[in-house]
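Chemist: Mind looking over this structure? Questions follow.
Just so you know, all these numbers are worked out from the coordinates, no wet-lab data involved. Every value quoted in this text rests on a predicted model; they were computed, and no experiment measured them.
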């Protein structure tokens with residue numbers, strides 16, 4: 001398997017940015033990883049905030065916390081979420097993932113071309 005394909009597969013199968021790190025583009029890889037992690041944390045934070053707001057309005061009564069009650073709270077939190085905000089973040093993350101795969105593949109091709117050019121000159 002060639003270098004470009006390996007880098008693209010690292011991005012596609014492992015995590016966005018790993019292909020860039022594999023190709024030693026550390027800055028770009030770390031920036032992509034940080035952006036993806038920020039998106040995930042933003043989505044988690046949104047769910048947590050919505051859950052806290054629901055619990056402020058209708059708190060659990062003492063001794064009534066059951067698995068079914070927690071599941072119902074989760075369903076209510078998901079229903080109350082601002083989905084357009086989450087879709088925007090998710091779309092950004094998907095586009096960034098696609099960009100990282102394409103970028104890793106192109107960077108891998110360039111590295112292969114440099115490698116073959118140096119081997120031909122020797």
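Chemist: At 222 nm, what value in deg cm²/dmol follows for the chain if DSSP H runs of at least 4 each add -39500 (n - 2.57) and the sum is divided by all its residues, to the nearest 500?
Modeler: Values: 5 runs with 97 residues, N = 122.
Result for the chain: -27000 deg cm²/dmol, rounded to the nearest 500.
Chemist: I would also like to ask the following. Go through (i) 56; (ii) 30; (iii) 51 and flag the label whose value is the computed percent of Cα pairs over 23 Å apart for this structure.
Modeler: Correct label is (iii).
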